[in-house]
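**Student:** Mind having a look at this structure? Questions to follow.
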Amino acid sequence: MLLDRFGATGKTARVLNVWREESARLATAKPHDDRPDLPALPVEVRELQERLTNAEAHAERMRVRAELAELREQSHQDRWGMEIDRLREQLRAQPKYAREVQTLQSTVTRLTVELAALRGALARTAPGEEGPNPAV
């Protein structure tokens, strides 16, 4: 067969020796195998399978951890959302709430207009000159 395929018979003794060594190595590794029903695999493939199994287990643990963190975060958001809503309702229930809010809004509007007027007056004065209300 080697003669037909490659034009030479080759050294079959060396090939058979390598085959025997590999068979013996696999046979000694087999008693340590926890899963005897699986076919014998090279060490590298077994190592890769173990690493894959470990990585999948780690990924599953991380997924469960992330889901738990998400549930905790949602619970946290719900709790404090409800607390803020309760406090807002409590504040609105106070008798002078609407009047106080209106007073504060009008004060902010008045101060905003005054600030704009002062900035405009300041912008109109030349550098080095005193503004409309010189400091005494």
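**Student:** Report whether or not Lys30 is touching a Pro at 6+ places or on another chain (Cβ under 8 Å) and at pLDDT below 95. Steps first, answer last, please.
**Tutor:** On the way: touching a Pro at 6+ places or on another chain (Cβ under 8 Å): yes; at pLDDT below 95: yes.
It is true that Lys30 is touching a Pro at 6+ places or on another chain (Cβ under 8 Å) and at pLDDT below 95.
**Student:** So Leu91 ticks every box in (1) in contact with a helix residue (DSSP H, G or I) (Cβ under 9 Å, 6 or more places away or on another chain); (2) loosely packed, with under 10 Cβ neighbours inside 10 Å; (3) in a helix (DSSP H, G or I) but one. Which box is left unticked?
**Tutor:** Tallying (1) in contact with a helix residue (DSSP H, G or I) (Cβ under 9 Å, 6 or more places away or on another chain); (2) loosely packed, with under 10 Cβ neighbours inside 10 Å; (3) in a helix (DSSP H, G or I), Leu91 fails exactly one: (2).
**Student:** Would you mind finding the one in Met82, Met62 that is open to solvent by 90 Å² or more (accessible area, probe 1.4 Å), without any contact (Cβ under 8 Å) to a residue 60 or more places away in the chain and either touching a Ser or Thr at 6+ places or on another chain (Cβ under 6 Å) or more than 30 Å from Ala27 (Cβ to Cβ) (or both)? Don't jump to the end; show me each part of the working.
**Tutor:** Values: Met62 fails: open to solvent by 90 Å² or more (accessible area, probe 1.4 Å).
Of Met82, Met62, the one residue that is open to solvent by 90 Å² or more (accessible area, probe 1.4 Å), without any contact (Cβ under 8 Å) to a residue 60 or more places away in the chain and either touching a Ser or Thr at 6+ places or on another chain (Cβ under 6 Å) or more than 30 Å from Ala27 (Cβ to Cβ) (or both) is Met82.
The values are calculated or read from the model by the stated rules, or taken from the named source; none is laboratory data. Everything quoted here is computed from the prediction, not taken from an experiment. Cβ sites come from the backbone with ideal geometry, for glycine too, and all protein chains shown count toward neighbours. Surface accessibility is based on the protein's heavy atoms, side chains included, excluding ligands, DNA and RNA. Shrake-Rupley method; radii C 1.70, N 1.55, O 1.52, S 1.80 Å.
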